[in-house]
Amino acid sequence: MTHIDPEALVASLRRLQKAAPATGIVHHLERIVQVVDRIFGYSGAGLMFADPDRTLRYLFATDEAGRSLEHAQAKVMAGPCVAAYMTDSAVTTFDVRKDDRWPDLAPLLHPDVRAVAGVPVRLGGEPVGTLNVYQDTTHDWEESDTEALHAYAHVIEQVIAAAVEAEEKSQLADQLQYALDYRVVIERAIGYLMGKHDLTASQAFTGLRKQARDSRRRVADLAAELLGEQGRGDPDHAI
Amino acid sequence: MSGPGVELLLANVLRGVADLSGVDGAALRLLDDSDRLRMIGATDEDGWVLARDAAPLSGSVLSVPLVEGREVIGVLSLYTHARHRWSRSEVEKGARLGEIVVVALEAMAGGRTESSASGQVR
């Protein structure tokens, strides 16, 4: 059973958020795929991702030979990686250049591309792309090979899911930060309106919010404006 | 959008790293925003003790630094319950798996998501 300390994790991610430049999901995927061939000793690796219309497209490859593999499959809409995506399972070939399943591929491939394996990358249980690796020699893929690739693809899935989650969290964090920054201003404005117009806190906030909405401004901006105008003696327009 | 929490995602990453390295478990310690090295998580109880106390197990441990840019941000520990002599290739593999963990952590830490009209990087 895996144990995670959420509080310590958040504190560490906060540190990392300050230290690391925001680079985005594509950069994360590029870095993680660059590691795959070094871990397994393959000649190269790449990622293909599906368009909204489920057409598999080239996203990234570690070298020119890998790029030819992905471009060729995207062009003829067939190949081991396309098959892995369509069947949502691992697909391998001993020598893609001589594989009868995809006769149109060979002329489009870099000479170094021989043995190929593709496994699906899933999000929410559905395939969204494929992780592809190739060898520059023929190769009999074993079950342990595809199991390892599935495990690697699963890690990639976590990175994608984390990026999706973090993107929303950062938006939430911005909103929370905004609320924190301006909470004091809003509370002061509510206090001012309560005293000025003999209102409850709820009535004062409701009035402030309505005025903000009607004038298409944020409550905090209106509150700041209201307090700024106190000195000039004309805050009443706020409610 | 709802989805699995970062704790679950990190748990999956640690489990995946342990599986990919062929060891019994993985543990993670990271520097927090006060520069304290904190235990973050582990794939099982032994790893939790290891992460918390840096205590020796009855088996063997391989610890690799996690580096972002030029800065060490934490430590990934891989461990076996049985005694094990780590080979050079295993140490190298551990370092590469550490790179993966850093990427996953950066994704979790957040930031803008790139958009590319073509969806292509190179």
Of A:ILE4, B:ILE40, how do they rank once you tally other Cβ atoms within 10 Å and put the fewest first?
A:ILE4, B:ILE40
Fewest-first ranking of A:THR146, A:THR206, using other Cβ atoms within 10 Å as the exposure measure:
A:THR206, A:THR146
Report the local net charge at A:TRP102: Lys and Arg +1, Asp and Glu -1, summed over other residues whose C-beta lies under 14 Å from its C-beta.
0
Percent of Cα pairs exceeding the 17 Å cut-off, where the set is the stretch B:6-109
47
How large is log10 I(q)/I(0) at q = 0.14 Å⁻¹ when the Debye formula is applied to the Cα atoms of chain A, each weighted equally and without solvent?
-0.87
Let me check against my output: what whole-number percent is the relative contact order of chain A, with C-alpha pairs under 8 Å and at least 6 apart?
14
Kyte-Doolittle mean at least 0.5 and Cα axial length at least 15 Å: DSSP H helices in chain A
A:25-40, A:219-230
Where is the GNM fluctuation largest for chain A (alpha-carbon springs, 10 angstrom cutoff): A:GLY191, A:GLY41, A:GLY118?
A:GLY191
Of A:HIS197, A:HIS27, A:HIS150, which has the largest mean-square fluctuation in a 10 Å C-alpha GNM of chain A?
A:HIS197
Which GluC sites (Glu not before Pro) from the stretch A:111-158 combine a DSSP loop assignment with at most 11 other Cβ atoms within 10 Å?
A:GLU142
Of all trypsin sites (Lys or Arg not before Pro) in the stretch A:29-122, the ones in DSSP coil with at most 15 other Cβ atoms within 10 Å are A:ARG54, A:ARG101
Tell me, B:TRP86, A:TRP141 in order of fewest to most beta-carbon neighbours within 10 Å?
B:TRP86, A:TRP141
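Just so you know, all these numbers are worked out from the coordinates, no wet-lab data involved. Source: prediction; values computed, not measured. Every residue, glycine as well, gets a Cβ built from its backbone with ideal geometry; the counts of neighbours run over all protein chains shown.
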